[in-house]
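Nothing in this text is a laboratory measurement; each read-out follows from the coordinates by a stated rule. In this text the structure is predicted, and so the values were computed from the model without any measurement. Neighbour counts are summed over all protein chains in view; Cβ atoms, including those assigned to glycine, are modelled from backbone coordinates with ideal geometry.
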């Protein structure tokens, strides 16, 4: 076929120009593929962090702030102690940072349009402390209070709630029969640290619970130490967290697109509630992951766009230059009776061939870039708000990475048990995968660039008058 | 002229609907063509009247810049006159659409240029084959026609050579083969020997003369060279865009 013969000959004989155009397109496409892979990797990493904070399947969480009137800050509120002359021992389940939500509110949320399911839970802090008497001096035997995060989970609702992202390591999960039983599921880190196993007994609010299972939560989360049935948590929690009351509502939207609408509807339904979805949660993620995310979405995107435009410009200008150099050739072809459209097709074929080469080169560069980025990327961390605490606190001090603050005055009432603004850093594994879609987009862009360049060249050919093209002859 | 040349070229090429080959005569009436050079208007052709009967060999002489090439381009439909008419085979080229003129060029008019104008990246055979592309000839037939055309100019053994691998005379032979492979009725040659030495010039002119006779071509040949012009049936001279018939040999 003459078309292919002519095409092959041109590419062979003008190899240097073909290589320059293909390389230009390839570099642009390669950068696009690399940046796309980086963005994808960052999104995946971000998704992992958010998913672990959030739980797979949960789209929205609803909490309410502690109302001062509810007793959180008073001596009779959550965990308040009244100093006395003698040593006091306490083991209480409190909700220091989240206010109560009634079961009717959970039902109302579940009936909202575009809500697939809603489930309540209790996020609690167990405080075990020994308080010296006011008439006794501090001694070396003083033991700091211990905080422990305990979550009351609805049994039989694993798909939505605090255990939905958990992976069972040993034992079993809650069943409907466990609703009123003193059984617990432990986080594996807590179980390991305290050498607990299935069958062990843990004490929560002075009540012994038999361990029935050990679970692990995804990396990035700050899981509670102990899960107990919601009804038991409601029964053991102090100060207004009675039967039917929860302090966290887990909501699953009917679709990803409905998350925003549902969030707004819940806010209208419960004006004082804190409604958190993936969007608001993403804003709480900081650290190198967030920095990388911003880099990938802003600088990276602009860099890719600029590189692509430069590649298109280089391809177009070189094609126009090539057409200008071949004016006499095209004029001769017109003199031989070739139509402009036929010559255009030839020029277009040449640029498309270079576009295909550019696409192949670009995909190769993209894969290499993504691989290098994955291997060379420094370890990233995400700084996320602490959701549960599992640390030992100290009077008036910040307690470790969990950041819970247990402040108060020795001998006086303890008013604050946890810092809602506490954060912690989690390592984020990073890889930049090149997706099929990125390859398709890269190839399409390269061919698109070639078409643009070919069209410009063809436009120049169409405007070419044979007599002008041959003017230098006579 | 090479002894290897033959006049046998297979026929059976596609014809245009009204077959403009039926009559390969030209009639130019009051043809004027101007160019703007700054504020000056240059008359490339000034009221040219000319009749070229089918099968005639007309040589056109004249100094550089006096309109010889423009006349050839107007005859070949590569350029349009500002005024006047150019009738070819009974059809006024200035009244035809570009597509129709292109078709006439593809089927009926062969061009030969001073600088050969071969496509540098294509072999001799492929350059000749390029002239058959607009005619929609099948690949097998193209190969046969190309082989015969190259054979007719004595270059059968150089078919796969690139233009850069051929001498000036050989390149012009390839250009002649390219012009004649489609069996045109008209051959328009613009200084075909201008870039050749004297021996090669004689060889090429001899070849053209033989082909003109054998194929009964209408040949319009632009040349500076009086010795070449003298071999034509008729000689015209272009002077500042005006055509003067100087001689009939």
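Some observations on this one:
- Sorted fewest first by neighbouring Cβ atoms within 10 angstrom, B:244, A:231 come out as B:244, A:231.
- With the highest mean first, a sort of the peptides B:31-43, A:160-172 on other beta-carbon atoms found within 10 angstrom per residue produces A:160-172, B:31-43.
- Peptide packing for A:262-271, A:326-335 was compared via the average number of neighbouring C-beta atoms within 10 Å per residue; ordered from the highest value, the list is A:326-335, A:262-271.
- Rounded to 10°, Cα long-axis angle of helix B:139-152 versus longest principal axis of chain B: 80 degrees
- Counts of other chain beta carbons within 10 angstrom of each beta carbon in peptide A:6-13 average 3.
- Helix B:98-108 and the longest principal axis of the Cα set of chain B meet at an angle near 50°.
- Ellipticity at 222 nm from helices only: DSSP H runs of n ≥ 4 in chain B, each -39500 (n - 2.57), divided by the residue count, give -9000 deg cm²/dmol.
- Separation between Cα centres of segment A:307-366 and segment B:181-249, rounded to whole Å: 38 Å
- Mean Cβ neighbour count within 10 Å, used as a protection proxy, ranking B:186-199, A:354-367 highest first: A:354-367, B:186-199
- Taking the longest Cα principal axis of chain B as reference, the axis of helix B:198-215 is set at about 90 degrees.
- Averaged over the residues of peptide B:122-133, the number of Cβ atoms from other protein chains lying within 10 Å of each residue's Cβ is 4.
- Among B:115, B:64, B:107, the residue with the largest mean-square fluctuation in a Gaussian network model of chain B, with springs joining Cα atoms closer than 10 Å, is B:64.
- Shielding by partners for peptide B:71-81, expressed as the average number of C-beta atoms from other protein chains within 10 Å of each residue's C-beta, is 4.
- Shape category assigned to segment B:90-210 from the gyration tensor of Cα positions, a/c cut at 1.5: oblate
- Between segment A:190-216 and segment B:111-171, the alpha-carbon center distance in angstrom: 92 Å
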